[in-house]
Each structure stands twice: as structure tokens, then as C-alpha cells.
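Below is one structure, written out as C-alpha cells; the observations come after it.
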């Protein structure tokens, strides 16, 4: 897979997903990048990183939503990624088998293994939208959703770089988004803080939901980082 951690790239979409994660004290630390949200930003960022030729393995990490009742903080190790982007050919992408095995060996027993992950073009806001998406794509349990994994994987496939995905659940099927984040992005698809603040001023009743979402994200981040540290210790151990 890789000879040392410096050949590994760990990719997060959002600054919140990466916040606090650091292996700077390690002499051969992996490269850690924040791609930005959505298909375009994710693909462009990973394509640029891999074009430098130093990275031999890509690990795509971050939050995901569940199409069933799943506890916040549950780790997800998908066996297939469904491309669900607008105007894209529907297909299934398969992570590298060696990387899946290495991840599997370092993760705890509660990790959801063998899952399907749908990468879509928008945030699914509530139970109704999740059920509709699951029906459209014929998803079976256990299934999850994000927005960046397929785009990152496509960039890796084009460069011939092995890749895998490790996600953490931050919203279950019955968790409703407090705001329509699909309307609160800038022209690059990134969350626009000013738009979010204005939306909160217009809908102050959304603030408790935002606080709850932040708490779920914080819990998920801690769970994800702990798993990544364990994985990096496993990969970096003397052989």
C-alpha cells in the first residue's frame, strides 16, 4: 500500500472535520488537505494534490448522513461509492482492497462495514428527502450519503492512486437540517457565513437546531480523529 505515512493524503471537505487533527510531531506525517464542500471543489483540490506525484494513497474522510437510525459518531467503512451527481453517469466505485483491509484491522468492532455510500450534489434536508434518494438509487441497508467522496475518488482513479473512504455519522434518518444549506452557499458551492447569519436572523427558531447540529458534528469529529490516529499508528508501525 504505502511505505510510510508521508505517502498518504488524508482529505477532509470542511475545516470543521479537520479541526484539531494533527500529526505534525511525526517525522513522516501524512499530507492533510481540506478540499472544500461539493463535487467541484473536492475534485479540483485532490486532482491538484495528486498531480504533484508524491502521494501514493488517498484516504477520504469526513461527515455523512445515514439512511437509517444510526448513532452519532458511528464510523462507516464503505465497500462501494455510488456516483449521484447531477448530470453524471450513475456508477459504482470500489475502494482499494488493500487499504480497506488496513482500515478494517485498525477500526473498532462497532464500525459499520460493507456499507454503500451515495455521493450527491446537495444536502439531504430531512427524512423525506433521504427516503426519496434511497428509493431512486435502490439503496440497501446499511447506506449513507455525502457530497465529496465520489469526486475525490474520481481524481484518484484518474491518477492511478489507491483510495479509500472513512466517514462518521453526524445525522441519522430522522435528523432534520435546521436550515436549507443548499441555498446558503457561495458561487463555488462553499458555505457562506454571511448568508447563514442572515438566515438565522430571519429564522431565529433555527438556532437551537444549529447548536444541536454543531454538537453532533463535534462528537463525530472526535470519533473520526480517534480512528485516524489509530490507523496512522498502525501504518507507521515498524515492520
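The values are calculated or read from the model by the stated rules, or taken from the named source; none is laboratory data. Since we're looking at a predicted model, the values are computed, not measured. Here Cβ is always computed from backbone atoms with ideal geometry, including for glycine, and neighbour counts include all displayed protein chains.
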What pairs can you find where one residue is in segment 211-225 and over 13 Å from residue 175 (Cα atoms), the other is part of a helix (DSSP H, G or I), and their Cβ atoms are less than 7 Å apart, with a gap of 6+ or different chains?
221/16; 221/17
Helices (runs of 4 or more DSSP H) fully within segment 144-238 counting 1 or more residues that are farther than 25 Å from residue 40 by Cα
193-202, 207-236
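Specify the residue that is nearest to residue 216 (Cα to Cα); the eligible residues are those in segment 75-84 that are surrounded by 20 or more Cβ atoms within 10 Å (Cβ to Cβ) and touching a helix residue (DSSP H, G or I) at 6+ places or on another chain (Cβ under 8 Å). Spell out the reasoning first.
Restricting attention to segment 75-84, the residues satisfying the condition of being surrounded by 20 or more Cβ atoms within 10 Å (Cβ to Cβ) are 75-78, 81-84.
Now restrict to residues that are touching a helix residue (DSSP H, G or I) at 6+ places or on another chain (Cβ under 8 Å): 75, 77-78, 81-84.
Working: 75: 13, 77: 19, 78: 21, 81: 24, 82: 25, 83: 26, 84: 25 Å.
Among residues in segment 75-84 that are surrounded by 20 or more Cβ atoms within 10 Å (Cβ to Cβ) and touching a helix residue (DSSP H, G or I) at 6+ places or on another chain (Cβ under 8 Å), the one nearest to residue 216 (Cα to Cα) is 75.
For segment 195-206, state whether one or more residues are touching a residue at least 24 places away in the same chain (Cβ under 8 Å) and surrounded by 15 or more Cβ atoms within 10 Å (Cβ to Cβ).
Yes, segment 195-206 contains a residue that is touching a residue at least 24 places away in the same chain (Cβ under 8 Å) and surrounded by 15 or more Cβ atoms within 10 Å (Cβ to Cβ).
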Report the residue count in segment 135-174 for those that are out of contact with any helix residue (DSSP H, G or I) (no Cβ under 7 Å at 6 or more places or on another chain), farther than 15 Å from residue 81 by Cβ and crowded, with 20+ Cβ neighbours inside 10 Å.
0
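Residues that are at pLDDT 95 or above: which helices (runs of 4 or more DSSP H) entirely in segment 1-110 hold 2 or more of them? Break it down into steps so the answer makes sense when it comes.
Values: elements: 15-18, 39-51, 97-106.
Here the list reads 39-51.
Answer yes or no: is there a residue in segment 118-128 that is outside any helix (DSSP H, G or I) and more than 28 Å from residue 190 (Cα to Cα).
Going residue by residue through segment 118-128, those that are outside any helix (DSSP H, G or I) are 118-126.
Applying the additional criterion that residues be more than 28 Å from residue 190 (Cα to Cα) yields none.
No, there is no match, as no residue in segment 118-128 is outside any helix (DSSP H, G or I) and more than 28 Å from residue 190 (Cα to Cα).
What do you reckon, is residue 136 modelled with pLDDT of 90 or more and over 20 Å from residue 13 (Cα atoms)?
Working: modelled with pLDDT of 90 or more: no; over 20 Å from residue 13 (Cα atoms): yes.
No; evaluated as a whole, the condition is false for this residue.
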Out of the residues in segment 158-172 that are touching a residue at least 12 places away in the same chain (Cβ under 8 Å) and over 17 Å from the mean Cα position of the chain (by Cα), which is nearest to residue 103 (Cα to Cα)?
161
Going residue by residue through segment 7-23, is there one that turns out to be within 27 Å of residue 184 (Cβ to Cβ), more than 13 Å from the chain's Cα centre (by Cα) and exposed (fewer than 13 other Cβ atoms within 10 Å of the Cβ)?
yes
From 220, 189, 209, grab the single residue that is surrounded by 15 or more Cβ atoms within 10 Å (Cβ to Cβ), at pLDDT below 90 and within 22 Å of residue 73 (Cβ to Cβ).
209
